[in-house]
Structures are given as C-alpha cells and as structure tokens.
Amino acid sequence: MKKLIITLVLVLVSSPFFAQNAFDKFDGQDDVTSIVVNKKMFELMSKVKVDTSDKEAQQYMNLIKKLDNLKVFTTQSTRVEGEMKATADKYIKTAGLEELMRVNDKGKNIKIMVKSGAKDSQIKELLMFIEGGKEEDTVLMSLTGDFDLSEISVLTDKMKIPGGDDLKKATKGKK
C-alpha cells in the first residue's frame, strides 16, 4: 500500500500542469533533482483506503487532505546552490514569510521559514532551505496548504523527502 502511494507520486511528478512559482526554474535542470506534487495528486492520494488501525497511516492520510503543493529541489552543484540561495532569499522577502528557526550544524545551514495560518500552530506555507555541507545535497523545499507544523514529520517519513530528517529534527518540540 505504502509502495503504491510512493509509486503514484513518482509517476505523476513529471506532469507539466503545475502552477508556476519562483522555484519552478529549477525543475528540469540537469544538476537538479525535482519532486513536485500538486493538489490534484494529494486529493487522489487521500482517497486511498488505509487500515484504520494503523495510526501513523491515518495521520498521513489526514495530512495530505490539507496540502496544496509540495516542491523539493536538490543539487550538489555549487552554481545551482548559489541560484537557489538567491531565489530563496528574494522569495522570503516578497512572500511575507517569517523565520521559524535556523540551524548551523557541521557546515550545513538550515533555514525554516513559515507563513502562519489562523492559529499559531497552523501553517499556510513552509519553506526549508538547506545549504549542504561537503558532499551533501543542497535542498530547497516549499510546502503549501493549511496544516499543523507537528504533522510534517509524518509526511517526510512516508514520502522520504530529501532534507526530511533535518526538518524533523529542527521542528521537534515546535508545536
């Protein structure tokens, strides 16, 4: 079941029908790995029947109903990393995002920015930028919807999102 969901995501990721935004220029570049999931895919995934006794699977299904778009771009190219950093910095200034946290660990810099929803714990947009250390990927992730920050670890675990472990560590206890 879990493999089916992941396979469906990967098959539909290459669809050209995704909304344009500031980060779409990285999609399709030779030095960039892209994962793009739109609202329609999240809607399809939410219709999959799950074992109601599996609490984690149920949490995952509840979360994906709240998501609109997920975009993850990774690279090891220093040229592309510079472009990603400049694009992310510009976007942060224009999109009204506020810093949730910053972590500098062994040459890896992690920034997590959010646009809050109606409640303090509700998030409309989450932007994570990880400047990779030596031999590590640089990751730019944008997630939009209306979700709770505490729910993100379920998504990053189930979809095996690059940088997900860093996001989970960084947001642990931030509820």
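Tabulated results
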| read-out | value |
| --- | --- |
| Whether the range 76-128 is rounded, prolate or oblate, judged on the alpha carbon gyration tensor where a/c under 1.5 counts as rounded | oblate |
| Potential lengthening between residue 24 and residue 94 on full extension [0.36 nm per residue; Cα-Cα distance subtracted] | 23.6 nm |
| Members of 47/111; 25/119; 25/111; 25/49 lying beyond 29 Å, as alpha-carbon distances in this model show | 47/111; 25/119; 25/49 |
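Every number in this text was worked out from the coordinates using simple rules, so none of it is lab data. The model shown is predicted, which means the values in this text are computed figures rather than measured ones.
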